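So the structure is just underneath, and the comments pick up after that.
The values are calculated or read from the model by the stated rules, or taken from the named source; none is laboratory data. Keep in mind it's a predicted model, so treat the numbers as computed, not measured. Neighbour counts run over all protein chains shown; Cβ positions are idealised from the backbone, glycine included. For accessibility, only protein heavy atoms count, side chains too; no ligands or nucleic acids. Shrake-Rupley method; radii C 1.70, N 1.55, O 1.52, S 1.80 Å.
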Amino acid sequence: MSDVINLPSLDPLLLSELRLSIMSILLSLEEADFLYIKEATGASSGNISVQIDKLASAGYITIEKGFIGKRTRTTCRLSPLGREAFVKHFEALKSYLPNSNKL
């Protein structure tokens, strides 16, 4: 009988492709506005809005709403909790791969 391997849990919130994309964008930038995220992901405004709300509710990102002239601007930033969750999720994913220590 073989030994049982205990793999770390993946973050269920980051299993969504769009949420993971948003987190990846914010990891590489200090901040990103809604329009940038929309263009970078190719997702609809409604879908992005729902997903950033979910990430904000979890404390993974912060959202700041303001104005530039008469236009509204929504800016998103990765929180320290979000950064930690992303890194843990990425490390857990790597552990599922054979020879993951080489990545």
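Measuring from label point to label point, each 7 Å out along Cα→Cβ, what is the Thr62 to Val87 span in nm?
The two pseudo-label positions are separated by 1.8 nm.
If each DSSP helix of 4+ residues adds -39,500 (n - 2.57) and the sum is divided by the residues in the chain, what number results at 222 nm, nearest 500 deg cm²/dmol? Working shown, then result.
Values: 4 runs with 49 residues, N = 103.
For the chain, the value works out to -15000 deg cm²/dmol.
Of Pro98, Leu20, Leu35, which is farthest on the positive side of the dipole of the chain, counting Cα position, with +1 on Lys and Arg Cβ, -1 on Asp and Glu Cβ, and the Cα centre as origin?
Leu35
On full extension of the chain, what length is gained from Leu29 through Asn6, given 0.36 nm per residue of separation minus the C-alpha to C-alpha distance?
Going from the current span to full extension adds 4.9 nm.
With a 1.4 Å probe and all protein chains kept in place, how much accessible area does Glu91 have, in Å² rounded to the nearest 10?
90
Hey, what's segment 46-90 come to in accessible area per residue, 1.4 Å probe, Å²?
For segment 46-90, the solvent-accessible area averages 64 Å² per residue.
Asp33's amide H: which non-local residues (gap 5+, or another chain) put their own amide H closer than 5 Å, with H modeled 1.01 Å from N in plane and none for Pro or chain starts?
Cys76
Using a 1.4 angstrom probe with every protein chain in place, what is the largest-first accessible-area order of Lys94, Lys88, Lys65, Lys38? It would help to have the intermediate numbers written out before the result.
Numbers: Lys94 35, Lys88 130, Lys65 155, Lys38 75 Å².
Sorted descending by solvent-accessible area, the residues read Lys65, Lys88, Lys38, Lys94.
Out of the total accessible area of the chain (probe 1.4 Å, heavy atoms of protein only), what percent is carbon and sulfur?
55
Students sometimes get this wrong: rank Tyr36, Tyr60 by accessible area, probe 1.4 Å, all chains present, largest first. If you can, show how the numbers build up before the last one.
On the way: Tyr36 110, Tyr60 30 Å².
Output order, biggest surface exposure first: Tyr36, Tyr60.
Jot down the radius of gyration and Dmax of the chain, Cα atoms only, both in angstrom.
Every Cα atom of the chain included, Rg and Dmax give 16.3, 68 Å.
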